[in-house]
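Step one of this worksheet: look at the structure below.
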Amino acid sequence: MGAMEILRKKLKVNPFLIFLMLFGGLYVSSVSGLSPLVYAQSSTTFNAPESFSRLAETVSPAVVNIRIEKTLKSPSIRQFHRDPWGRESPFKDFFEHFFGEEGQREFKQPSVGSGFIIDKNGYVVTNNHVIEDADNIRVKLDDDNEFDAKVVGRDPNTDIALLKIEAGKELPFIKLGDSKKLKIGQWVVAIGSPFGLERTVTAGIVSAKGRVIGSGPYDDFIQTDASINPGNSGGPLLNMDGEVVGINTAIIASATGIGFAIPINLAEGIIAQLKTEGEVTRGWLGVAIQDLTDEMADYYGLKERRGVLVADVFKGDPADVAGIRAKDIILAVNGQKIETSRQLTSMIAGLKVGENAEVEVFRDRKVKTFSIRLAKRDDDRLKARSVPQERKEEEELGIRVADLNAEIAQRFNIEDLTGVIVIGVASESKGDAAGIQMGDIIKEINHRVVDSVDSYKTALQKIDEGENVNFFIWRRNAGFLVIKLTK
């Protein structure tokens, strides 16, 4: 009995269907012009790692548990001396007798975090927020030995800290990898002490790169779905070669399966500075900057939207000394094109203090280059600005404006007194529809400088009905904007 007859009787199917089952692949391949082997190879198979055990066993000895103790004060009981109506509490004398006049008591608050050893001499990397304000820091190794740790240096801006322990022996350490080589979807492993559970291993993938979560000026996080929880902070994020590609740092409290790690390429230079200097020094231009919008690019006559806008220049700082002005557009630094304000901030911060930077700017439809000697960044100079109020009114297009004087400019912390301030916008007016807001400072109208209510009125009078009006404004917490409307 032939093979086909046996299949037909056992499966009880039509012989023609069996023929198609056995030879259909050859037929399809001959039509496509590919052999069966080549056709099979043209599809792609994705396989998950069979196990993370070997990686975990190799790396875990260099992952540490960090235990800290902070001294805190309990709230004063003075607030309890009066009832909700302001009357003296009958328990006032009792509390003061036992707790003193203030009623405050110091207490120790323990906390845990993670870290990893980066060389045999006992240097440990963790997050700054793990050890900040700590009275005592203890590092517990994989073999349960514990050591006091000293802070070598820390950098709050990137949330990185470097510790040192004296173990009296060479210690296992983890090799630093290259976070630039990470790809979306690549497998990664996190090791740490979530909720104090030491040497916990979790795995996931790289969900995204370059995330900005508002934690600081140098946000550039790796997003991962490898489980990261309180206590994981400071621990390593590892590639499948067992190399550190990130420092587990943050989570979103309301989200599940979302964690963030500092790229090791960003951290490596900071760690090196902390190790040698005990602090991080960053280059400083002395400008406030913002991203360029399509409207701004068009307003300034740029053929494409690239570069960042100089919103303000700090008097006496390097950019001011070199001749940079507010409303310049920075196109490149040391020959490298600038696309975003975050890119520029990181680039300048990475340059050495005292180094000269060649800064290319776009001004008055021309490109100019300035050589700027960088200073040291001083974060204390970046202050919040408040909304001013002044009352000299003039209304057109539903917009009421007032003169911008020295007092208002000082409250805004800006050097340039040019402009008028919007003190009101009529509902459903052209100004309201276009997006003009109270508190906006109008600097120019159709490239005509506005330095008073009179010049504002004159600039509008020169524009005919039906023509476009381009307002170049400065807005608190947004910087410079271009708003268009039709008169």
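Structure notes:
- Simple spin-label estimate for R54 and K183 gives 2.1 nm between the two label positions (7 Å along the Cα-to-Cβ direction from each Cα).
- Working from Cα pairs under 8 Å separated by at least six residues, relative contact order for the stretch 280-329 is 39 percent.
- Summing Lys and Arg as +1 and Asp and Glu as -1 over all other residues whose Cβ lies under 10 Å from the Cβ of I205 gives a net charge of 0.
- Relative to the current alpha-carbon distance between N145 and R211, full extension at 0.36 nm per residue lengthens the span by 20.1 nm.
- Neighbour-count order for S427, S60, S341, fewest beta carbons within 10 angstrom listed first: S427, S60, S341
- Spin-label pair K303/E277, simplified geometry with 7 Å Cα→Cβ offset, distance in nm: 4.0
- Peptides ranked, highest mean first, by Cβ atoms within 10 Å: ranges 128-141, 222-235: 222-235, 128-141
- The modelled label-to-label distance for the pair Q109/Q336, using points 7 Å beyond Cα in the direction of Cβ, is 3.9 nm.
No lab work stands behind these numbers, since they all come straight from the coordinates. The structure presented is a predicted model; accordingly, all values stated were derived computationally and were not measured. Counting neighbours? That spans all protein chains shown, and the Cβs are built from the backbone with ideal geometry, glycine included.
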